[in-house]
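Novice: Take this structure first; my questions come after.
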Amino acid sequence: MKAGRVIGNIWATRKEERLAGLKLLVVQPIDLLDSCPIEPPIVVADIIGAGVGETVLYVSGSSARGAAGGLDIPVDATIVGIVDGHEIDDMGGER
């Protein structure tokens, strides 16, 4: 799993029929230690009702397709959790 922040919505009135019913969001992958972006934003399927500004957990590859409803669903990433909070003990060390 990876962490990210929802930064936008995607609307597509015409899309592959297996995507019907899936909400699409734009997620900025982040480093949980400092919430800084670590990769370019990606489009993800949302199966749990996340919203803009929320920190989320997402999966990719076959895990994303399975979470979205089947291995034949054409998605690369799917949100599987909304982060309520987190605590990381960095042991006082440097990164």
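The values are calculated or read from the model by the stated rules, or taken from the named source; none is laboratory data. Since the structure is predicted, the reported quantities are computational estimates derived from the model, not experimental observations. Cβ atoms come from the backbone with ideal geometry, glycine included; neighbour counts cover every protein chain shown. For the accessible areas, the whole protein counts, side chains as well, though only heavy atoms, and no ligand, DNA or RNA atoms are used. Shrake-Rupley method; radii C 1.70, N 1.55, O 1.52, S 1.80 Å.
Novice: Quick one: which residues, 5+ away or cross-chain, put their amide H under 5 Å from the amide H of Ala77? H built at 1.01 Å from N.
Specialist: Residues meeting the amide H criterion: Ala45.
Novice: Pick out, from Cys36, Leu57, Leu19, the residue whose Cα sits farthest towards the positive end of the charge dipole of the chain, with +1 on the Cβ of Lys and Arg and -1 on the Cβ of Asp and Glu.
Specialist: After comparing all options, I get Leu19.
Novice: Check each of the trypsin sites (Lys or Arg not before Pro) in the stretch 18-78 and keep only those in coil by DSSP with at most 14 other C-beta atoms within 10 angstrom; list them in order. All intermediate terms of the calculation are to be shown ahead of the outcome.
Specialist: Values: sites: Arg18, Lys23, Arg65; in loops: none.
Here no trypsin sites (Lys or Arg not before Pro) fit, given the DSSP loop and packing criteria.
Novice: Let me ask another. Tell me the net charge near Leu19. Cut-off is 13 Å between Cβ atoms, Leu19 excluded, with +1 for each Lys or Arg and -1 for each Asp or Glu.
Specialist: Summing Lys/Arg as +1 and Asp/Glu as -1 gives 0.
Novice: Accessible area of the chain with a 1.4 Å probe: how many percent of it is carbon plus sulfur?
Specialist: The computed percentage sits at 52.
Novice: With every protein chain present, what is the per residue accessible area of the stretch 23-95 (1.4 Å probe, Å²)?
Specialist: Ligands and nucleic acids excluded, the result is 57 Å² per residue.
Novice: In whole Hz, with x marking every Gly and Pro, tabulate ³J(HN,Hα) for the stretch 17-29 from phi via Karplus 6.51 cos²θ - 1.76 cosθ + 1.60, θ = phi - 60°.
Specialist: Once rounded to whole Hz, the list reads 4, 6, 8, 4, x, 8, 7, 10, 10, 9, 10, 9, x.
Novice: Name the long-range amide H neighbours of Ile38: under 5 Å, sequence gap of 5 or more, or other chain; modelled H, no Pro or chain starts.
Specialist: Here Ile30, Asp31 satisfy the definition.
Novice: Seen from all sides and averaged, what is the projected area of the convex hull of the Cα atoms in the stretch 1-91, in nm²?
Specialist: One quarter of the hull surface, i.e. the mean projection, equals 6.1 nm².
Novice: Explain nothing, just compute: Karplus ³J(HN,Hα) = 6.51 cos²θ - 1.76 cosθ + 1.60, θ = phi - 60°, for every residue of the stretch 47-61 in order, whole Hz, x for Gly and Pro.
Specialist: Once θ is set to phi - 60°, the couplings for the stretch 47-61 become 9, 10, x, 6, x, 4, x, 7, 8, 10, 10, 9, 10, 10, x Hz.
Novice: Sequence-distant or interchain residues sharing an amide H contact under 5 Å with Glu54, placed H: which?
Specialist: The list, which skips near neighbours in sequence, is Val6.
Novice: Hey, what do the phi angles of the stretch 70-82 turn into as Karplus ³J(HN,Hα) couplings, whole Hz, using 6.51/-1.76/1.60 and θ = phi - 60°, x for Gly and Pro?
Specialist: x, 5, 9, 7, x, 10, 9, 8, 9, 6, 10, x, 10
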